[in-house]
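What follows is a short report on a single structure.
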Amino acid sequence: MFIDSHAHLDDERFDIDREMLIENLKNNNVDLVFNIGADIKTSKASIELAKKYQHIYAVVGVHPHDAKDVEDNYLDILRELSSEEKVVAIGEIGLDYYYDNSPRDIQRKVFKEQINLAKELNLPIVIHTRDASQETFDILKEASEEGPIRGIMHCYSGSVEMAREYIKLGFYIAIGGPVTFKNSKVVKEVAQEIPLDKLLIETDCPYLTPEPLRGKRNEPIFIRHTAEKVAQLRGISLEELAKATSDNAKRIFNVNNI
Ligand code: NI
């Protein structure tokens, strides 16, 4: 029924029950999970999960937090990892000026290099952006002018207007757990307003647990709460929302698994 378009099941918080949790996904209405890398180590871990489980796919890339730690040959490593059968995108990549864990010039450099890699490999990109909205947009716009790009704005938290601009550039808008939070007015507007054929849902687990489970470790099956909230905001059935977002995820990641 549901596809979780963004998860981190390699995270150590799943060490105690990862196998059981993954094996029970389908019984709990989660058909596919896209597991997202944040550095080389977690990208490799994502690939291992994808190899082991038919219903997991892998995305490989270096998160802005980790941009400062890349080795000189990291693009070659990512290129190599991308040739694995179930690697479907480059991510998560982008800018994070909230935490500033890496110097901003290095964040920008590593972001742009990975956009170019994705273009070279003809893969979509999964974007993380925090407190860097305009600059992220400018970089993607510039990249799109040099040749088509496509991808996903992960856990989107910007305005409706900006979401429409990203869609024009070739992006889907992914809504996560925050849409269920009481004070998330703008995310709710976005979930309501953007075209259904550009909408994705995701957990970002183990982070961003939706209400009413906030405070617990997030899991792919909790995507139901996010889906219910988005369906309610749009005035459509849960089934319609699930089908549309699943079709969209399969389209952007180019996967025909189910
Ligand atoms: Ni993430």
Worksheet item: Under a point-charge model restricted to the Cβ atoms of Lys and Arg (+1) and Asp and Glu (-1), what is the dipole moment magnitude of region 1-151 relative to its Cα centre, in debye to the nearest 20?
Response: 320 debye
Fill in: Candidates 11, 72, 39, ranked by Gaussian network fluctuation over the chain, Cα under 10 Å, top entry
72
Worksheet item: What number comes out for the charge environment of residue 11, summing +1 per Lys or Arg and -1 per Asp or Glu over other residues with Cβ under 13 Å away?
Response: -3
Fill in: Local net charge near residue 115, Cβ-Cβ under 15 Å (Lys/Arg +1, Asp/Glu -1)
-1
Worksheet, complete the sentence: For the chain, whose charge dipole is built from +1 on Lys and Arg Cβ atoms and -1 on Asp and Glu Cβ atoms, the candidate among 162, 136, 187 with its Cα farthest towards the positive end is 187
Practice prompt. Give me 53, 98, 156 ranked fewest to most by other Cβ atoms within 10 Å of their Cβ, as a rough exposure proxy.
Written response: 98, 53, 156
Practice prompt. With only Lys, Arg, Asp and Glu charged, each at its Cβ (+1 for the first two, -1 for the last two), find how big the charge dipole of region 2-252 is about the Cα centre; round to the nearest 20 debye.
Written response: 720 debye
Worksheet item: When only Cα pairs under 8 Å and 6 or more residues apart are kept, what is the percent relative contact order across the chain?
Response: 19 percent
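Any read-out appearing in this document is the output of simple, stated calculations on the displayed coordinates, not a laboratory observation. Treat the numbers as computed from the prediction; the structure is a model and nothing was measured. Here Cβ is always computed from backbone atoms with ideal geometry, including for glycine, and neighbour counts include all displayed protein chains.
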